[in-house]
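Below is one structure; the comments refer to it alone.
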Amino acid sequence: MAWPSSLQVALKDWASVCAALERGSQIVLLRKGGIYEAAGEFEVEHREFLLFPTYVHQNLKMLKPSGQMGFEARSEEPQQVRMTTAGVVTDIVELQSRAQMDAIDDEHVWTAPLLDMRFNYRPENPLYLLLVRTYRLHEPICFENTPEYAGCKSWVPLNQPIETGDATPALDDVKYAFKRNAILQRIALVPLKFFTILIIL
């Protein structure tokens, strides 16, 4: 699938996680919402998106040292949003066990308390692991952080499209494929009754 020339939807996540994705040191996200099943397959609400960094709810204790670089503790979100990265979901994994995340502990910046919280929050709802290939924008994009972007919501439509056609991948094809395959293989090795992987790239 061709990379889009522009995007007008963003996914909100901690600024520290967005930075790890931009560096290419992390290629995974966790989600309990925004995933639905259609025709027996998992779908994500938006496959391609910009990353919208947030600050207020970041917790230093829930980030490994590798994720604490540039950490900013804020009591309110900045007046200006600064976007540097876009992403595309390549795989969706419905996690069946906490042990699956333990198997890829070196592939993300989250500490054990955060993972426990994600698994324990609304346990009746599945927790999904998204594998995301990220692209760095040619230049950072800054715009006003208006009230319509506020609130605890994952997806936000932007007031205008952002050019992404000249964005460059954080990891080249070979490096991304290596990390992706390693994560999927390590998750698959965890003893489980079953688990589900949907490859959508």
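Test of understanding: among ARG136, ARG180, ARG118, ARG122, which residue is more than 24 Å from VAL81 (Cα to Cα), basic (Lys, Arg), modelled with pLDDT of 90 or more and open to solvent by 50 Å² or more (accessible area, probe 1.4 Å)?
Numbers: ARG136 fails: more than 24 Å from VAL81 (Cα to Cα); ARG180 fails: open to solvent by 50 Å² or more (accessible area, probe 1.4 Å); ARG122 fails: modelled with pLDDT of 90 or more.
From the options ARG136, ARG180, ARG118, ARG122, the qualifying one is ARG118.
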**Prompt:** In region 62-107, which residues are farther than 19 Å from PHE49 by Cβ, open to solvent by less than 20 Å² (accessible area, probe 1.4 Å) and not in a helix (DSSP H, G or I)?
**Reply:** LEU63, LEU95, ILE104
**In region 14-61, residue modelled with the lowest pLDDT [restricted to those that are open to solvent by 40 Å² or more (accessible area, probe 1.4 Å) and under 20 Å from TRP3 (Cβ atoms)]** = GLU43
**Request:** Please verify whether region 161-176 includes one or more residues that are surrounded by 12 or more Cβ atoms within 10 Å (Cβ to Cβ) and under 22 Å from MET62 (Cβ atoms).
**Result:** no
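The values are calculated or read from the model by the stated rules, or taken from the named source; none is laboratory data. Predicted model only: the values in this text are computed from it and were never measured. Cβ: placed from backbone, ideal geometry, glycine included. Neighbour counts: every protein chain shown. With ligands, DNA and RNA removed, areas are computed over all heavy atoms of the protein, side chains included. Shrake-Rupley method; radii C 1.70, N 1.55, O 1.52, S 1.80 Å.
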